[in-house]
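Take a look at the structure below.
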Amino acid sequence: MRTTVLFIGLWTAGMVQAGSILQDRTGISLRSSFWSVKAEDTMVRVSTHGIDRSEVEFGGIGAWVTFLSGIGQRGGIEFSLGGVGRVEANEKRLFTNDVQISGVMPVLLGYQYPILHERNTSAFQPYVSAGGGPYILSDVRVLGDALTDAAVTVKNRVRAGVYGAVGGYFLFTNWFAFHGEVRGHLVNFNPDDLYSGFELGLGLAFFWKR
């Protein structure tokens, strides 16, 4: 019992110390993302229509890599590179295969600022952030049948956009933390754009001294 209490006490003290030195560190965050694509919910769907037609559809799942500099009690710069996609496949046996892939890759620069007082030394470090940058949109369609070769069509375009986020780190040590974030995107500065909306990111963050 005494050993357990001592372990918990040391672990808690370590987390408090981790929070107190975040301002001296940079880091990287790796997160999975759940984001509506083309104004539809995240989903996976498989359906069949008789014996000659099947459909597979999934989307809204992506990933983020965020580089952090000067994070912690005084805030700092964040550079985010993300990607989310959607796949629709329609197959008519012996006749036509139609695969459509759409996605967006944001390249964003922003500022992250802590919500709590600068003397906060707890394991939980919440923050708000905001920024913007280009959103690279891609659409690929592969259409083929049993008699001819597949035809591939690729369309790329770039739209400017901004984002705002609320998130937090839960520090386990002074170099490792759980990272969660809710981020809202305004693509093309239009709330009705198909890629505008909210996404949830969950993952891990790693820190080191500057």
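The values are calculated or read from the model by the stated rules, or taken from the named source; none is laboratory data. Treat the numbers as computed from the prediction; the structure is a model and nothing was measured. When we count neighbours, we look across all protein chains shown, and the Cβ atoms used for this are built from the backbone with ideal geometry, even at glycine.
Brief remarks on what is shown
- Some residue of the range 167-185 being of a type in the set (S, T, N, Q), modelled with pLDDT under 95, closer than 25 Å to Ser36 by Cβ and not in a strand (DSSP E or B): no
- Test: residue in the range 188-195 that is modelled with pLDDT of 90 or more, under 22 Å from Arg31 (Cα atoms) and surrounded by 14 or more Cβ atoms within 10 Å (Cβ to Cβ): no
- Of the residues examined, Tyr163 is not one that is under 15 Å from the mean Cα position of the chain (by Cα), more than 24 Å from Ser122 (Cα to Cα) and not in a strand (DSSP E or B).
- Scanning the range 115-154 for residues that are modelled with pLDDT of 85 or more, out of contact with any helix residue (DSSP H, G or I) (no Cβ under 9 Å at 6 or more places or on another chain) and not β-branched (Val, Ile, Thr) returns Pro126, Tyr127, Ser129, Ala130, Gly131, Gly132, Gly133, Pro134, Tyr135, Leu137.
- Count of residues meeting criterion [in contact (Cβ under 8 Å) with a residue 60 or more places away in the chain and under 15 Å from Leu108 (Cβ atoms)] in the range 173-196: 4
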